[in-house]
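Report on one structure; see the data block that follows.
The values are calculated or read from the model by the stated rules, or taken from the named source; none is laboratory data. In this text, all values refer to a predicted model and were calculated from it rather than measured experimentally. Positions of Cβ are generated from backbone atoms using ideal geometry, with glycine treated the same way; all protein chains shown enter the neighbour counts.
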Amino acid sequence: MALCLTLEGREIGSMQVLKNKLKKIDGKGYKAYKDIQGTYDFDQFKIAIDYVQGDPFASPSKIRIIVPGKIHPLKIEWLDNKQRKIYIEDCLLREIASKIEISKNRGKGSGKSGLIMIDKPGQEILDRTAVTMTKDETTICLSLGLPANGRKINGREAEKLFFDTIPSILKASIFSIKKERYDQAAMLADQHQAIREEMKKQGWIAFVANGSILPRESGISNRPMKDAVSFKSPKENEVGIKIPHQGNEVIGMAIKKGITLIVGGGYHGKSTLLQALERGVYHHIRQDGREFVLTDPNAVKIRAEDGRQISNVDITAFINDLPQKKDTRKFTTENASGSTSQAANVVECIEAGATTLLIDEDTSATNFMIRDKRMQSLVAKDKEPITPFIDKIKALYNQQAVSTIFVMGGSGEYFDVADQVIMMDEYRPLDVTNEANEIAEKYPSNRGADQENKGDFYHSRCFLPSSLRLDHGKKKRVQAKSLSHILMGRSLIELDQVEQLVDTSQTRTLAEILRYLERKSILNEKLSLNELLDQIEALLDKDGLQGIAFHPTEHPGDLARPRRHEIAACLNRMRSATVKQL
């Protein structure tokens, strides 16, 4: 039978070739499935079987569905804008995922037999590898559990999987989706971009639209809470933004650069607002409730993180003269305290390019945040190594251009340094800046600054090649085990407290980045962390997530793009990190 070559240099067989192979290996040992690796033409689409699992209980096999542009044509205006392209890819991905979910595709057999999976997205719209679109073709990446009875191949069920189930899912999704859905996705991309451009122009670090639903359904669900109180901006902070594809302006609350304090009683919505702002670095789908909640893309959530690894970080801006003369100019520990971890988190984030810090008193070290007059009187400064954040927050903004949004319900000391104070009252925000200023004047705190407000906050650092210890016996290993854990060599990178890491596919990408850095020998003693992050982002911008994949021309794995700040957080939490200050 005639064969031709794909763009990747592979031979393409007909669908009949695949059917014959499945009949031939039916009943054989499971490893005989390796014979079906290759690409097959199904007329309207091709199936590329890139990886075949070695056992029915092992990780599923990886395949790509490739649909030619002439079969599924796409408008140039959807593809020539990167943001729009991400949104329409996300739109099709959600459609395919929903059809897989209702297909009841699980076939008969042992292990993962008949399983069909795609990298199902959450509420955020992320740049992913699950669906990629060009003018020439649309590629869909799936994971399959090839059918087995025990550890023998079930060829008949495999035939149903490839020739019935998968085509049915494609027919109900990519071959049926209305192009208006893509138009709506592209419109949302344009609207988000317009809001971001206006934020940048006006010097706003956050925007929360009126009518937004900020509370989530539960602690394990990221969907909007039913019957929640919708957001309504205080009049003093209310702005209107003209956005495309909509006659009316979108109205909501703008938060300006500087220092913003969020106050209020317990359970009145302070942390809920901050959590929405924390996720506002990502864009959200319609009906999420937060689709028009946007935050400075370089905003980073800061918290105490007891027990974390810290490698050669200059934390002298906040902590000096530790007992036993421990050097805080090159602070290193495998078991940080609450205050030292929070100090290091601030310094590391600024080093990586953060321009807004998001802080909640509930997850902060109290002695890092504040030291009042009474405590200053009892514990002399020469006995207290910590300079509290309150004495540095102004310098952070005035000298480093780093804004802060801070939730505080237990102390009014921050009234003295806040540019804006918002009070949450039964989930409704009120601007109480004037009242806070009057209270600060009427009841002065009388505390003195614990240190002169200088702006030296960090030294640039580089990660040395020896940081990447991937060896595990004779093999190299780096693998995302969950949203918050990466196994690298024999050590575990713990990301539990990196709160803006929102999707396991982002964690898989972090693991691939570590593998890529080691494979390409990129780390060196002259490349600063900031330059390294710039280099990684430039690669991802140019080549996409496939650029770091181990097999870029095959199924790249289920990847989603993390921000530079989560990449930095991963590097900073490597237990094997060897770091040098520049």
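Below, the figures for the structure above:
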| quantity | calculated |
| --- | --- |
| Of all residues making up the stretch 197-218, the number that are in contact with a helix residue (DSSP H, G or I) (Cβ under 6 Å, 6 or more places away or on another chain) and among the aliphatic types (A, V, I, L, M) | 2 |
| Flag for residue 305 being closer than 30 Å to residue 529 by Cα, outside the structural domain of residue 497 (by the TED database), touching a helix residue (DSSP H, G or I) at 6+ places or on another chain (Cβ under 6 Å) and in a helix (DSSP H, G or I) | no |
| Considering residues of the stretch 496-532 that are in contact with a Cys (Cβ under 7 Å, 6 or more places away or on another chain) and crowded, with 22+ Cβ neighbours inside 10 Å only, the residue nearest to residue 550 (Cα to Cα) | 510 |
| So residue 251, is it surrounded by 14 or more Cβ atoms within 10 Å (Cβ to Cβ), in a strand (DSSP E or B) and either without any contact (Cβ under 8 Å) to a residue 24 or more places away in the chain or β-branched (Val, Ile, Thr) (or both) | yes |
| Pair list, Cβ under 6 Å, 6 or more apart: the stretch 520-531 residue within 18 Å of residue 570 (Cα to Cα), other residue modelled with pLDDT under 95 | 528/582 |
| Criterion (surrounded by fewer than 18 Cβ atoms within 10 Å (Cβ to Cβ), over 30 Å from residue 223 (Cβ atoms) and modelled with pLDDT of 95 or more) met by exactly one of 321, 382, 306, 314 | 306 |
| Hits in the stretch 320-339 - residues which are closer than 19 Å to residue 495 by Cβ and either touching a strand residue (DSSP E or B) at 6+ places or on another chain (Cβ under 6 Å) or part of a loop (DSSP other than H, G, I, E, B) (or both) | 333, 334, 335, 336 |
| Any hit, the stretch 535-548, residues being outside the structural domain of residue 356 (by the TED database) and under 30 Å from residue 304 (Cβ atoms) | yes |
| Residue within the stretch 170-178 that is in contact with a Pro (Cβ under 8 Å, 6 or more places away or on another chain), surrounded by fewer than 17 Cβ atoms within 10 Å (Cβ to Cβ) and among the charged types (D, E, K, R) present | no |
| When residues of the stretch 390-404 are limited to those that are among the small types (Gly, Ala, Ser) and either touching a Leu at 6+ places or on another chain (Cβ under 8 Å) or outside any helix (DSSP H, G or I) (or both), the one farthest from residue 458 (Cα to Cα) | 403 |
| Residues of the stretch 557-567 satisfying the condition of being modelled with pLDDT of 90 or more and either within 18 Å of residue 63 (Cβ to Cβ) or touching a Gly at 6+ places or on another chain (Cβ under 8 Å) (or both) | 558, 559, 564, 565 |
| Conditions (1) among the small types (Gly, Ala, Ser); (2) surrounded by fewer than 20 Cβ atoms within 10 Å (Cβ to Cβ); (3) touching a helix residue (DSSP H, G or I) at 6+ places or on another chain (Cβ under 9 Å); (4) under 30 Å from residue 116 (Cα atoms): number failed by residue 544 | (3) |
| Subset of the stretch 254-301 (residues that are among the aromatic types (Phe, Trp, Tyr), touching a strand residue (DSSP E or B) at 6+ places or on another chain (Cβ under 6 Å) and surrounded by fewer than 23 Cβ atoms within 10 Å (Cβ to Cβ)) | 282 |
| Residue check for residue 466: touching a Leu at 6+ places or on another chain (Cβ under 8 Å), touching a residue at least 60 places away in the same chain (Cβ under 8 Å) and among the polar types (S, T, N, Q) | no |
| Lone qualifier among 189, 194 - being touching a helix residue (DSSP H, G or I) at 6+ places or on another chain (Cβ under 6 Å), among the hydrophobic types (A, V, I, L, M, F, W, C) and not assigned by the TED database to the domain that holds residue 47 | 189 |
| Residue ranges of helices (runs of 4 or more DSSP H) in the stretch 53-162 with at least 3 members touching a residue at least 12 places away in the same chain (Cβ under 8 Å) and either of a type in the set (A, V, I, L, M, F, W, C) or within 28 Å of residue 500 (Cβ to Cβ) (or both) | 76-79, 82-102 |
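Yes/no matrix, rows are residues, columns are (1) in a helix (DSSP H, G or I); (2) at pLDDT 95 or above:
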position	(1), (2)
536	yes, yes
546	yes, no
551	no, no
554	no, no
569	yes, yes
574	no, yes
